[in-house]
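Reading through the structure tokens given below for one structure.
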Amino acid sequence: MLQKTKGVALNYIRYRETSIIARVYTEDFGLQSYLVNGVRSAKNKNNKIALFQPLTLLDMVVYYKEDRDLHRLSEVKTSHPFQSLPFEVAKTSMGLFVTEMLTKTLKEETGSPVLFRFLVESVLFLEEAQAHYENFHLAFLLKLTSFLGFSPEGAREFENQLREHSYPFLPDSDTESALNLLIRYPYGTPAPLSRTARNELLDAVVAYYRIHVDSLGEIKSLPVLREVLS
């Protein structure tokens, strides 16, 4: 049955010689996989594979059946062409990192309009921000916890959970204040952190996720992000 929905592209893998399997978080159906034929062919002049780069916002018409793990697309286009996210190194690195974290933590194959709205608003902030986005990746992961069921009420609870699991995170008062801002306030709220403190907090946030997500595994984009932001 043909259905219209919106999506946020997460990643894709190559399939056979010319096709891909794209992972997309959709507004109506949650996390879905789509077989996209012919996009890697030399004869393909439309460059549709670019639509499945991380965090691309999509308008989609899909063939959907509840009992299938792999679906097909009838139509797809971007709802918001990017002007900065794929072209600015810091933004691209943040986008790859949060996308990898999403693929490791989002499992539901049912729609969540509230979560979908959060993802879209987050992507649009990163795309459009000209300043005060240096902590975006931290704020995103801390805010995402509320949708995953393990949101800390504030810095103290965050620290206590890490301490209970023997993770050595002892922030100074400035870092603790910044952590509270990142948890409770909107994107773009200035939360001053030195480069060292930002990297230490990044490692602590990933450790916090490891406490709650058993299958997190290696985060391949983490060293790249740390290098770009250092």
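The values are calculated or read from the model by the stated rules, or taken from the named source; none is laboratory data. The model shown is predicted, which means the values in this text are computed figures rather than measured ones. Heads up, the Cβs are rebuilt from the backbone with ideal geometry, glycines too, and the neighbour counts pull from every protein chain shown. Side chains are part of the model used for accessible areas, which takes the heavy atoms of the whole protein and leaves out ligands, DNA and RNA. Shrake-Rupley method; radii C 1.70, N 1.55, O 1.52, S 1.80 Å.
Look at the alpha carbon pairs under 8 Å that are at least 6 residues apart: their mean separation over the length of the range 112-230 gives a relative contact order of 26 percent. The packing ranking of peptides 7-15, 91-99, highest mean first, is 91-99, 7-15, where packing means the average number of other beta carbon atoms within 10 angstrom of each residue. Give the shape of the chain as rounded, prolate or oblate, defined through the alpha-carbon gyration tensor: a ≥ b ≥ c are the square roots of its eigenvalues, a/c under 1.5 means rounded, and otherwise the shape is prolate if a/b is larger than b/c and oblate if not. Verdict is prolate for the chain.
Give Lys4/Lys77; Lys65/Lys143; Lys77/Lys220; Lys6/Lys220; Lys77/Lys104 a once-over and call out the pairs whose C-alpha atoms are over 22 Å from each other.
Lys65/Lys143; Lys77/Lys220; Lys6/Lys220; Lys77/Lys104
For the pair Arg156 and Val114, a Förster radius of 30 Å applied to the C-beta separation gives a FRET efficiency near 0.65, rounded to the nearest 0.05. With respect to the chain, whose longest principal axis is taken over its alpha-carbon atoms, helix 155-164 is tilted by about 90°.
Rounded to the nearest 0.05, what FRET efficiency is calculated for Glu200 and Lys77 with R0 set to 45 Å and r the Cβ-Cβ distance? Write down the numbers at each step before the final one.
Numbers: r = 41 Å, r/R0 = 0.92.
Working from the Cβ atoms, E equals 0.60.
Top mean-square fluctuation among Tyr133, Tyr209, Tyr167, Gaussian network model of the chain, C-alpha springs under 10 Å? Sorting by GNM fluctuation, first place goes to Tyr167. As a rough guide to protection, the peptides 72-78, 24-30 ranked by mean Cβ packing within 10 Å, highest first, stand as 24-30, 72-78.
Between Leu55 and Ala9, Leu10, the built amide H atoms are under 5 Å apart, and every one of these is 5 or more places off in sequence or on another chain. Coupling constants for the range 212-228 follow from the phi torsions by the Karplus curve (6.51 cos²θ - 1.76 cosθ + 1.60, θ = phi - 60°), and in residue order they are 9, 10, 4, 9, 4, x, 6, 9, 5, 7, 5, x, 5, 4, 4, 5, 5 Hz; glycine and proline get x. Each residue of the range 175-192 was assigned a 3J(HN,Hα) from its phi angle through the Karplus curve 6.51 cos²θ - 1.76 cosθ + 1.60 (θ = phi - 60°); the sequence is 5, 4, 4, 4, 4, 4, 4, 5, 6, 9, 10, x, 3, x, 5, x, 9, x Hz, with glycine and proline shown as x. Spatially, the range 185-203 and the range 18-94 are offset by 31 Å when compared through their Cα centroids.
Relative contact order, whole percent, for the range 83-145 stands at 46, derived from Cα pairs under 8 Å and 6 or more residues apart.
In the chain, Cα pairs under 8 Å separated by at least six residues give a relative contact order of 18 percent. Here the range 82-153 exposes an accessible surface that is 54 percent carbon and sulfur, computed with a 1.4 Å probe and the other protein chains kept in place. In order along the range 104-110, the phi-based Karplus estimate (6.51 cos²θ - 1.76 cosθ + 1.60, θ = phi - 60°) of 3J(HN,Hα) comes to 8, 10, 8, 10, 6, 9, 9 Hz; Gly and Pro are listed as x. For the pair Tyr185 and Ile211, what calculated FRET efficiency results from E = 1/(1 + (r/R0)^6), where r is the Cβ-Cβ distance and R0 = 25 Å, to the nearest 0.05? Efficiency computed from Cβ-Cβ geometry: 0.60. On a per residue basis, the chain carries 53 Å² of accessible surface, using protein heavy atoms and a 1.4 Å probe.
Among Phe136, Phe158, Phe147, the residue with the largest mean-square fluctuation in a Gaussian network model of the chain, with springs joining Cα atoms closer than 10 Å, is Phe147.
How large is the helix-only mean residue ellipticity at 222 nm for the chain, computed as the sum of -39500 (n - 2.57) over DSSP H runs with n ≥ 4, divided by its residue count, in deg cm²/dmol to the nearest 500?
Working: 7 runs with 94 residues, N = 230.
Using -39500 (n - 2.57) per qualifying helix, the result is -13000 deg cm²/dmol.
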